[in-house]
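The values are calculated or read from the model by the stated rules, or taken from the named source; none is laboratory data. Every value quoted in this text rests on a predicted model; they were computed, and no experiment measured them. Cβ placement follows ideal geometry from the backbone for every residue including glycine, while neighbour counts extend to all protein chains displayed. We work out accessible area using only protein heavy atoms, side chains counted, and drop any ligands, DNA or RNA first. Shrake-Rupley method; radii C 1.70, N 1.55, O 1.52, S 1.80 Å.
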Amino acid sequence: MPTQRTLEELLPTVADYTLGLDFEEFIQGERPMVIRGLLATDDDEHTEIAEEYLDKAVRSQSTKGQLAYGSIDVVPEWDEHRIFRPVPDAGAFGYLVLEAYEDDGPEYFLDAARRQFEYLHEDAPRSEAGGISHHIDDIELWIDAVYMMCPFMARYGQLTDTPEAVEEAVDQIIVHHDHLVDPKSDLYRHIWRETPDSYPDGSLWLRGNGWMANGILDTLEYVPEDHPERDRLEEIVTDHLLSMAEYQDRSGFWHHLIDDTSMYLETSGTMQYAYAFTEAVERGLLDEEYREVAERAMSAAKTAVTSDGAVQRNAAMPGGPEAPQAVNLYGQGWFLISGTRLRESGMGD
């Protein structure tokens, strides 16, 4: 039986394959994941490349303030007849722009982050309950949005001493939780639509749930310890992770639709939970025994990497029940993010 490759071997291989991809062929919601992955490796060459893409996002910021290369139109890989116009996704660029700014980046990066926050806070379309809509055309709350915009707003709020930005991030987590959570399982539905009050996609989509879990965890980094809603946010993400642990396949993966064992085992979401369980254990939200959940997930994800560094079996964008499998920036980026995080935490190769 062949010996499983170590993270020390795989991380540079995955990074090299990733750098050979044409990022311009992928949507704005995917690019931040691979940029964050490159930054996570703490390699000077990777950092320089990542910051070049961030600079491009800043310089092509839309007149409304969106850090999305001037465009927010998305056409799914498998359905050319559908067009999405997502609102929150550019916030994921904002989070990384702030990271670059704090690492001696230029002052205009902070100004770009301010404009991105002001668009979300003041101009973005909203539901009656105040939830920022994922779409311009219809008022919908999508599970992706929590990761894409909330950590950015909270980080901006802490950095610039703007309390309303932290409050906006917390409020968005709560309103998305309230509309999307399945109270029987503490897992999350994909999409809620305001008119008519319905779920266009009520599936328990793996990567979508990963966006929620990590969106809350990343936001909590910037929420004051004495914030009145902090305990609630910690309880929400802890209950969710305890439920997720029960759905983990014996292989270490989770299924593309979490509660449907007939669906394929999916890699990008599995790596999101490798990261989330590691974070939760190290922050004291979960007992040490749950570190094994993260390690099993990362060990499973390693088996999906080809010899030349392509991470396979990821749901094609934008996810949901019908998404086929693909090699994409979600898979490449999350392998770099999670693999680096688990190595830092002392995971044995």
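I want the local charge near Ala129. Using Cβ-Cβ distances under 11 Å, sum +1 for each Lys or Arg and -1 for each Asp or Glu among the other residues. Numbers along the way, then the final one.
Values: positive: Arg126; negative: Glu128, Asp171, Asp178, Glu194.
Around Ala129, the charge tally is -3.
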Computed Rg/Rh of the range 123-208, alpha carbon atoms with Kirkwood Rh = 0.99
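Only Cα pairs under 8 Å and at least 6 apart count here; give the relative contact order of the range 232-305 as a rounded whole percent.
Details: 74 pairs, mean separation 22.8, N = 74.
In percent, rounded to a whole number, it is 31.
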Using all Cα-Cα distances in the range 204-349, what percent lands in each 10 angstrom bin from 0 up to the longest?
-> 12, 44, 33, 10, 1
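May I ask you to compute the full-extension gain from Arg283 to Ser185, defined as 0.36 nm times their residue separation minus their alpha-carbon distance, rounded to one decimal in nm? Display every interim value, and only then the final one.
Numbers: separation 98, 0.36 × 98 = 35.28 nm, distance 2.34 nm.
Length gained, Arg283 through Ser185: 32.9 nm.
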Work out how far the C-alpha atoms of the range 169-266 reach from end to end along every principal axis, then list the three figures in whole Å, largest first.
-> 44, 37, 20
Can you list the GluC sites (Glu not before Pro) in the range 100-177 that are in a DSSP coil and have 16 or fewer other beta carbons within 10 angstrom?
-> Glu128
For the pair Asp44 and Ser60, the simple spin-label estimate (label points 7 Å beyond Cα toward Cβ) gives in nm 2.9
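As a test of the formula, what do you get for the chain when each DSSP H run with n ≥ 4 contributes -39,500 (n - 2.57) and the sum is divided by the residue count, at 222 nm and rounded to the nearest 500 deg cm²/dmol? List each step's numbers first, then the result.
Numbers: 12 runs with 174 residues, N = 349.
Computed ellipticity for the chain at 222 nm equals -16000 deg cm²/dmol.
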To the nearest 10 Å², what's Tyr188's accessible area with a 1.4 Å probe?
-> 0
For the range 175-311, the percent of accessible surface on carbon and sulfur atoms (probe 1.4 angstrom, ligands and nucleic acids excluded) is 43
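Quote the convex hull volume per residue of the range 253-321, based on C-alpha atoms, as a whole number of Å³. Don't jump to the answer; show the numbers that get you there.
Numbers: hull volume 7.1 nm³, N = 69.
Given the Cα convex hull of the range 253-321, per-residue volume reads 103 Å³.
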Spatial separation of Cα centroids for the range 177-216 and the range 144-167, in angstrom | 21
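If you roll a 1.4 Å probe over the heavy atoms of the protein chains, what accessible area per residue do you get for the chain, in Å²?
Accessible area per residue: 40 Å².
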Name the longest site-free stretch of the chain, where the excluded sites are trypsin sites (Lys or Arg not before Pro) in a DSSP loop with no more than 16 other beta-carbon atoms within 10 Å.
-> 83-183
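So what is the orientation-averaged projected area of the chain, using the convex hull of its C-alpha atoms, in nm²? Could you put the intermediate results ahead of the total?
Details: hull surface 66.7 nm².
Averaging across all directions leaves 16.7 nm² for the Cα convex hull.
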